[in-house]
Amino acid sequence: MDNILIQIIVAIVSLAIGVFIGRKLLKSRYSKLANEAETKSKQIIKEAELAAENIKKDKILEAKEKFLQLKSEFEEETNRKKSLIISNENKVRQRESQVSKMIEQNKRREDELESSKENLEAQMEIIKSRKEEMEKIKSQQVTILEKISSLSADEARDQLMETLKDEAQTKASSFIKDIVEESKLTATKEAKKILIQTIQRTASEHAIENCVSVFNIESDDIKGKIIGREGRNIRALEAATGVEIIVDDTPEAIIISGFDPVRREIARLSLHRLVADGRIHPARIEEIVGKTIKNIEEEIIETGEKTVIDLGIHGLHPELIKMIGRMRFRSSYGQNLLQHSREVAKLCTNLSAELGLNAKMAKRAGLLHDIGKVYPEESEQPHAILGMEIAKKYKEHPDVCNAIGAHHDEIEMTAMISPIIQTCDAISGSRPGARREIMEQYIKRLKDLETLALGFEGVNKCYAIQAGRELRVLVDADNVDDKRSSDLSFEISQKIEKDMQYPGQIKVTVIRETRAVAFAK
C-alpha cells in the first residue's frame, strides 16, 4: 500500500517536472522560430525596398527618356511651325509687294485713261464740228447736182443703186466661180495630204502566208520514230491533223504541208510535244493532238484579248474577241487577216482624227470590218453582210454595224465613218506586196474540194493535201463497209470532175479504220 502511494507521488512529481521542462523547451522553440521569422521578414522587407528602389530608378529613367523624346518632338514641331510661319510671312510679303505694284500700275492706267478720255472728248468735238461742215458741203453739192442733172437726190440714188447692183452681181458671180474652182483644187490637195500623212503614220509589216511549215529536229534519228513501223505513226498524225507530213532527205527538218494554217500549227505543236516526250505511237499521237487543239483554242482567245488591249478597244463581246483571235490563222488574198484588220484599225484612227470624227468608233469598226470571214459556220452571204449581222447580234453601235456592212458597197452608207472604213481597207489591201490574188483563189479551191467530199453520207473528215492533188477522206467504219468505201471514192472523183475546175488530176483516197476496244476490269 505504501509502495503504491510512493509510486503515485513519484509519477505525479515526474509528470510535473516533464510538463515544466516541455513548456521550457516549447517556449525556447517558439522563440527561435519567431526570431527566424523576424529575420526573414526583415530580409524580405529589405529586398522589397531594394526592388522598389530599382523600379523607382527605372521609372525615373523612363520618365526622363520620355520627357527628352517629347521635348525633342516638341522642338521639331515648333521648328517646323516656325519655318512654316516664316515661309508664310515671306509669301505674304511677296504678295503685298505684288499687290502694291499692281495698285501702282492701276493708278498709272487710270491716269492714262483720264488723259485719253480728255483727248478723246476733244477729238470728238473736232469730229462733230467737221461732220457739221461736211453736211453743209454735202447739201450744197446735192443742190448743185440736182440743178445740173435735173434729177432729185432720191432719183439719182435709185439709178446709182441699180447700176451698182448689176455691177456687184457680175463681180460676185465671177468671184464665186473663182472661189469654187480654188476650193476644189484645195480640197483635193488637202484630201491627198491627209491620206498620205495617215498612211505614213501607220507603219505595218506585210506577212504573206504560205502553205508550208518547217519543223526542225535535233538529229535525223528522230525521223524514224516519227515515221513509225511501216509508217503507222505518220499516217496516224496525218489522219488526226489533216496535213501532209513530208519526211525527205532534208537534214534535220520535216515539212508540214497544208493550206489551213490552224491545222499546220496543230501539227507542228503536236510534233514538238511528241518529240520532247519520246513516246510516239498512234494512241499517244491522238491524245497529244487532242490536247493541242484545246491549247490552240486557248491561244486564239489570248490573241484576241491581246489585240483589243494593244489597240485600246473596250467592251467587246467575248465571242467577238474569240473571232478576232481566229483571224491570226486566216489569210485574205495571201495577207494575214489579223495584221490586215489591225492595220485598217490604225489607219481609221488616224484618218478619222484628221477629219474630226469619232476616232474610237472608227478604230472599232476597222478592227471588226472583216469579222464575217472567220465565222465558224458556212454561209452563202457576203462576208461584209455576215459581219454586220454578227456585230448587231453582239450589240455593237449602229454606226459600226453600217461601216462593216457597207465597206464593199453591199448596203448604203449611212454613218460618217463608213467611207473611212472602206478607204482604209482599200489602202491596206492595195499596198505593194500586201496581197496575192492567186493564193486566195487556191485556198478557196481547196476548201471547196473538202466541202464537196463532206457532203457525202458517212464521211467524217476530209483533208485536201499535196497542194490539192490528193483528197484524203476518213469515213465512219460502222456505217461504211469496204465495198461502199470503194464506191465512195469513185462517186467523189466523178463529182469533182463534174463540179470543179482544177489543173492536173486529183487522187481521192478513202480511209476506213476499224477499231476493237475492250476494257480489263
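The values are calculated or read from the model by the stated rules, or taken from the named source; none is laboratory data. Quick caveat: nothing in here was measured; it's all calculated off a predicted structure. All Cβ positions, glycine included, derive from the backbone under ideal geometry; neighbour counts span all protein chains shown. Protein only, heavy atoms only, side chains kept; ligands, DNA and RNA dropped before computing areas. Shrake-Rupley method; radii C 1.70, N 1.55, O 1.52, S 1.80 Å.
Structure notes:
- Options Ile60, Ile8; residue that is open to solvent by less than 100 Å² (accessible area, probe 1.4 Å) and at pLDDT below 85: Ile8
- Of all the criteria given as (1) surrounded by fewer than 23 Cβ atoms within 10 Å (Cβ to Cβ); (2) within 22 Å of Arg263 (Cβ to Cβ), the one not satisfied by Glu380 is (2).
- Subset of region 283-298 that is buried (at least 16 other Cβ atoms within 10 Å of the Cβ) and touching a Lys or Arg at 6+ places or on another chain (Cβ under 9 Å) - its residue that is nearest to Ser331 (Cα to Cα): Thr292
- Residues (within 26 Å of Ile255 (Cα to Cα), in contact (Cβ under 8 Å) with a residue 40 or more places away in the chain and basic (Lys, Arg)) located in region 453-506: Lys461, Arg472
Here's the yes/no breakdown for (1) out of contact with any strand residue (DSSP E or B) (no Cβ under 9 Å at 6 or more places or on another chain); (2) at pLDDT 90 or above:
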residue: Met388; (1), (2): yes, yes
residue: Asn402; (1), (2): yes, yes
residue: Glu437; (1), (2): yes, no
residue: Lys444; (1), (2): yes, no
residue: Lys447; (1), (2): no, no
residue: Leu454; (1), (2): no, no
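- Residues of region 371-396 that turn out to be touching a helix residue (DSSP H, G or I) at 6+ places or on another chain (Cβ under 6 Å) and under 17 Å from Met413 (Cα atoms), as a count: 8
- Consider region 327-355 and keep the residues that are basic (Lys, Arg) and modelled with pLDDT under 85. The one that is most open to solvent (accessible area, probe 1.4 Å) is Arg328.
- Out of Ala362, Ala403, Ala384, sole residue that is assigned to a helix (DSSP H, G or I), among the hydrophobic types (A, V, I, L, M, F, W, C) and within 27 Å of Glu297 (Cα to Cα): Ala384
- Region 220-264 - residue that is among the β-branched types (Val, Ile, Thr) and in a strand (DSSP E or B) and, of those, most open to solvent (accessible area, probe 1.4 Å): Ile246
- Count of region 365-377 residues which are part of a loop (DSSP other than H, G, I, E, B) and open to solvent by less than 10 Å² (accessible area, probe 1.4 Å): 2
- Ser485, sole failed condition from (1) over 27 Å from Val517 (Cβ atoms); (2) at pLDDT 85 or above; (3) part of a helix (DSSP H, G or I): (1)
- Some residue of region 274-284 being on the phi > 0 side of the Ramachandran plot and within 18 Å of the chain's Cα centre (by Cα): no
- Test: Gln69 is open to solvent by 90 Å² or more (accessible area, probe 1.4 Å), polar (S, T, N, Q) and part of a helix (DSSP H, G or I): yes
- Residues satisfying the stated conditions in region 265-280, i.e. open to solvent by 10 Å² or more (accessible area, probe 1.4 Å) and either modelled with pLDDT of 85 or more or in a helix (DSSP H, G or I) (or both): Glu265, Ile266, Arg268, Leu269, His272, Arg273, Val275, Ala276, Asp277
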